[in-house]
Amino acid sequence: MLDISELSRQSGIAASTIRYYEEIGLIRSVGRKGLRRVFESEVLSRLSLIALGQVAGFSLAEIREMLGPEGQPSIDRDRLGAKAGFLDRRIKELSALRDGLRHVMTCTASSHLECPTFQRLMRIALKRQAVRKHGQQKNHAKRKSGGLNRGES
């Protein structure tokens, strides 16, 4: 058994985040020791799964679905495949951006604005920003209608 401060120390996750994870159903305490929440040591494994899911880009709502209420992960392999595909596309985009920035860094054009590669990077950035803004508007609408909880966008 670990009290919340020991769980925080061992996991590297702030106690406030641990309390929030409990509030939204990602983890469960088994009681209290004085005023402090107490957790079974298996919660460390669950926190590791949560961290892995977040690093992979899953929302807390998606992670909660995959972890299940009883603590036994029920991970949808198709969902993992879709996320891996998304990451492959993102890596490709970021690699192209990196290569473009390196080109612009050494470009012999008298002005960056005259460099065709720099102009292409600006167009791509503008398109990505428009797509991102559209996605944020959809998430905002979902939150207003009660579709997402705090921190789940």
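Numerical summary
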item: Which numbered condition Leu49 fails, given (1) in contact with a Pro (Cβ under 8 Å, 6 or more places away or on another chain); (2) over 30 Å from Ile27 (Cβ atoms); result: (2)
item: Hits in region 7-16 - residues which are part of a helix (DSSP H, G or I) and either crowded, with 16+ Cβ neighbours inside 10 Å or touching a helix residue (DSSP H, G or I) at 6+ places or on another chain (Cβ under 7 Å) (or both); result: Leu7, Ser8, Gln10, Ser11, Ala15
item: Residues (more than 14 Å from the chain's Cα centre (by Cα), closer than 24 Å to Leu80 by Cα and among the β-branched types (Val, Ile, Thr)) located in region 19-68; result: Ile24, Ile27, Val43
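Read-outs throughout are calculated quantities, based only on the coordinates presented, and are distinct from any laboratory measurement. None of these values were measured; they are calculated from a predicted model. All Cβ positions, even for glycine, are placed from backbone atoms using ideal geometry, and neighbour counts span all protein chains on display.
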